[in-house]
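Trainee: Would you mind keeping the following structure in view while I ask a few things?
FYI, it's all coordinate maths here, none of it is from the lab. Everything numeric here is computed off the predicted structure, so don't read it as measured data. No Cβ is skipped: glycine too gets one built from the backbone with ideal geometry, and neighbour counts run over all protein chains shown.
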Amino acid sequence: MRAGREALAITFLAPAVLAALEAQGMAKLYLEIENPLVRVLARMEEVGITIDRSELEGLHERLTTETRRLTDVLREVVGRDFNLNSPIQLRQILYEERGLSPTKKTKTGLSTDAATLEKLRYEWPEFIEPLLQYREVEKLRSTYAEGLLAEVAPDGRIHATFNQTVARTGRLSSDQPNLHNIPVRSDEGRQFRKAFITPPGHVLLVADYNQIELRCIAHLAEDPGLVAAFTAGEDIHTATAARIFSVPEEQVTIGMRSTAKMVSYGLAYGMEAYGLGQRLNIPTEDAAVILNAYFTAFPNVRDYMDGTVKEARTRGYTETLFGRRRPIPELSNANYRVRQAGERQAMNAGIQGLAADIFKVALVRLDQALEAAGYASRIILQVHDEVLVEVPEAEREAVGKLTVDTMRHAAELRVPLEVNTAFGRTWADAKT
DNA sequence: CGCGAATGCAA
DNA sequence: TATTGCATTCGCG
């Protein structure tokens, strides 16, 4: 057991503490979820995950060569030496010397982030395009190639720390290293998942909840349209797009589906028309039309959001279905912006928090079920809605079924919980 | 060396 | 003016 774990542990609560929690209706949360989870996390940390060091070293070498090449290209274009990693120096080159006009500001000046550069791309492509490439490659090189190599223990495995009391919504967090943000979206980044492997005779089981946060919204809002779509097992983004744009599902285009997806996810974060417009790169007015269409199609969702904020304002905190409370003092702050941020936090807490609670129940029960059945399979990682299990070949089929079954029934909502699984020798191979 | 800011990776 | 995290880098004090 890692140092600090026992201090952090909330197991063995003093009777007085338990009585206080009971009075607040929170004893169940601690006794059935948080206390047993302490042991699950300790075991995950102890077991760790096997790393193919040479795979990481190969990536490091390739990325180092590429950053050097791009550095040369960029210095050649500008005609002098400068620090590519300094936003201040980049700002000077792009906006003072070249005279470009960015669409976004930071707290201290003009922004040079990727979204901003993307919009300026064709005004100075010979500089901005290699710069965007440099940013991507340098991120992978420094954070993932160098960062992960530095964390490989003498046993050839990475033993991250999983924090139970950091995220304010009830999620777990991971550090040293953070295994919750290993790249997957870009082809280059995804290569890092090839370095996460299993010992001989074992296979990696990856099981993830399908759309769990949206299912939580459907349940909490009791929205007939959303509940019906999930119950029917439809592709939720296509179904949503059909309702937003008032077309039959067969006529939903890729773009419409993509917009619907953006709206659905933005909802859980309290996004407004301005934010949607920014992300879709369309006028705020057009984004407002889309948002209104969404709330017309799924009216209970808006009611749920409004009700959640109102309740949180009265009580000073939000509470998940399982009794997890999050104080939100920002709701009574004198500053309008701070209050608005508090409202978004209130809207998000019940949704992200419920999903986190369900996942924690699944982790505890899966760990107990594996132990009770005498399996050698071990939970080695969780990533918010996904669990990785290291499975001896002989247990493959049985543990796959047990995992799906446990996750599906961790909670009974108004909509079914669906779980996807995949097996592989590496994390990259186990694509669900 | 510590810290805030900027940036970017994930769910 | 979209939530929750963590790591890296720069640049200041």
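Trainee: Suppose R0 equals 22 Å; then what is the FRET efficiency for A:Arg279 and A:Lys105 from their Cβ-Cβ distance, rounded to the nearest 0.05?
Mentor: On the way: r = 17 Å, r/R0 = 0.79.
The formula returns an efficiency of 0.80 here.
Trainee: Further, regarding this structure: Mind running the shape call on segment A:17-97? Use the C-alpha gyration tensor, a ≥ b ≥ c as the square roots of the eigenvalues: rounded below 1.5 for a/c, prolate if a/b tops b/c, oblate otherwise. The partial results should precede the final answer.
Mentor: Numbers: a/c = 8.22, a/b = 2.14, b/c = 3.85.
Oblate, because a/c is 1.5 or more while a/b does not exceed b/c.
Trainee: When only Cα pairs under 8 Å and 6 or more residues apart are kept, what is the percent relative contact order across segment A:339-394?
Mentor: 23
Trainee: What list of ³J(HN,Hα) values in whole Hz, one per residue of segment A:71-87 in order, does the Karplus curve 6.51 cos²θ - 1.76 cosθ + 1.60 (θ = phi - 60°) give from phi, with Gly and Pro shown as x?
Mentor: 3J(HN,Hα) across segment A:71-87, in whole Hz: 4, 4, 4, 5, 5, 5, 4, 7, x, 7, 7, 7, 8, 5, 8, 9, x.
Trainee: Using only alpha carbon pairs under 8 Å that are at least six residues apart, calculate the relative contact order of chain A and give it in whole percent. Please list the in-between numbers first.
Mentor: Working: 597 pairs, mean separation 91.4, N = 432.
The value is 21 percent.
Trainee: Follow-up question, since we're still on this one. Through the Karplus equation 6.51 cos²θ - 1.76 cosθ + 1.60, θ set to phi - 60°, convert the phi angles of segment A:196-207 into ³J(HN,Hα) values in whole Hz; use x for Gly and Pro.
Mentor: 8, 10, 10, x, x, x, 10, 9, 8, 9, 10, 10
Trainee: A further question on this structure: Quick one: compute the contact order of segment A:118-200, relative version, from alpha carbon pairs under 8 angstrom and 6+ residues apart, as a percent. Please list the in-between numbers first.
Mentor: Numbers: 54 pairs, mean separation 14.0, N = 83.
RCO, segment A:118-200: 17 percent.
Trainee: Please list the non-local residues whose amide H lies under 5 Å from the amide H of A:Val203, H modeled 1.01 Å from N, same-chain partners needing a gap of 5 or more.
Mentor: Those qualifying (amide H under 5 Å, at least 5 residues apart or on another chain) are A:Val391, A:Glu393.
Trainee: At most 11 other C-beta atoms within 10 Å and a DSSP loop state: those are the exposed trypsin sites (Lys or Arg not before Pro) I care about. Give me the longest piece of chain A that has none. Walk me through the numbers on the way to the answer.
Mentor: Details: sites that count: A:Arg80, A:Lys107, A:Arg185.
Longest stretch, sites excluded: A:186-432.
Trainee: Can you tally the net charge around A:Arg365? Count Lys and Arg as +1, Asp and Glu as -1, for every other residue whose Cβ sits under 12 Å from the Cβ of A:Arg365.
Mentor: Values: positive: A:Lys360, A:Arg408; negative: A:Glu32, A:Asp367, A:Glu371, A:Asp405.
Its environment carries a net charge of -2.
Trainee: Nothing charged except the Cβ atoms of Lys and Arg (+1) and of Asp and Glu (-1): what's the magnitude of the dipole of segment A:245-384 about its Cα centre? Round to the nearest 20 debye. Show your work: numbers first, answer last.
Mentor: Numbers: 16 positive and 14 negative charges, 99 e Å.
With only Lys, Arg, Asp and Glu charged at Cβ, the dipole is about 480 debye.
Trainee: Rounded to the nearest 0.05, what FRET efficiency do A:Asn181 and A:Tyr336 have when you use their Cβ-Cβ distance and R0 = 30 Å?
Mentor: Working: r = 32 Å, r/R0 = 1.07.
After rounding, the FRET efficiency stands at 0.40.
Trainee: For the pairs A:Lys401/A:Lys431; A:Lys105/A:Lys310; A:Lys360/A:Lys431; A:Lys107/A:Lys261; A:Lys119/A:Lys194, note any where the Cα-Cα span goes beyond 25 Å. Before the final figure, lay out each step's value.
Mentor: Details: A:Lys401/A:Lys431 17 Å; A:Lys105/A:Lys310 32 Å; A:Lys360/A:Lys431 22 Å; A:Lys107/A:Lys261 30 Å; A:Lys119/A:Lys194 33 Å.
The pairs that break the limit, which is 25 Å between Cα atoms, are A:Lys105/A:Lys310; A:Lys107/A:Lys261; A:Lys119/A:Lys194.
Trainee: Taking amide hydrogens as modeled 1.01 Å from N in the peptide plane, which residues meet the under 5 Å criterion relative to A:Ala167, leaving out close sequence neighbours?
Mentor: A:Ser173
Trainee: What dipole magnitude, in Debye to the nearest 20, does segment A:219-324 give about its Cα centre under +1 on Lys/Arg Cβ and -1 on Asp/Glu Cβ?
Mentor: Working: 9 positive and 13 negative charges, 70 e Å.
Value, rounded to 20: 340 debye.
Trainee: Something else about it: Go ahead and estimate [θ] at 222 nm for chain A from helices alone: -39,500 (n - 2.57) per DSSP H run with n ≥ 4, summed, over the residue count, rounded to 500. The partial results should precede the final answer.
Mentor: On the way: 17 runs with 213 residues, N = 432.
One gets -15500 deg cm²/dmol as the mean residue ellipticity at 222 nm.
Trainee: Here is a follow-up. When a/c reaches 1.5 or more, the comparison of a/b and b/c decides; with that in mind, is segment A:278-432 rounded, prolate or oblate per its Cα gyration tensor? Please list the in-between numbers first.
Mentor: Numbers: a/c = 2.64, a/b = 1.89, b/c = 1.40.
In terms of gyration-tensor shape, prolate.
Trainee: To continue, here is another question. Enumerate the calculated ³J(HN,Hα) couplings along segment A:263-279 in order (Karplus 6.51 cos²θ - 1.76 cosθ + 1.60, θ = phi - 60°), each rounded to whole Hz, writing x wherever the residue is Gly or Pro.
Mentor: Whole-Hz 3J(HN,Hα) from phi for segment A:263-279: 4, 4, 6, x, 3, 5, 10, x, 5, 10, 4, 4, x, 5, x, 4, 6.
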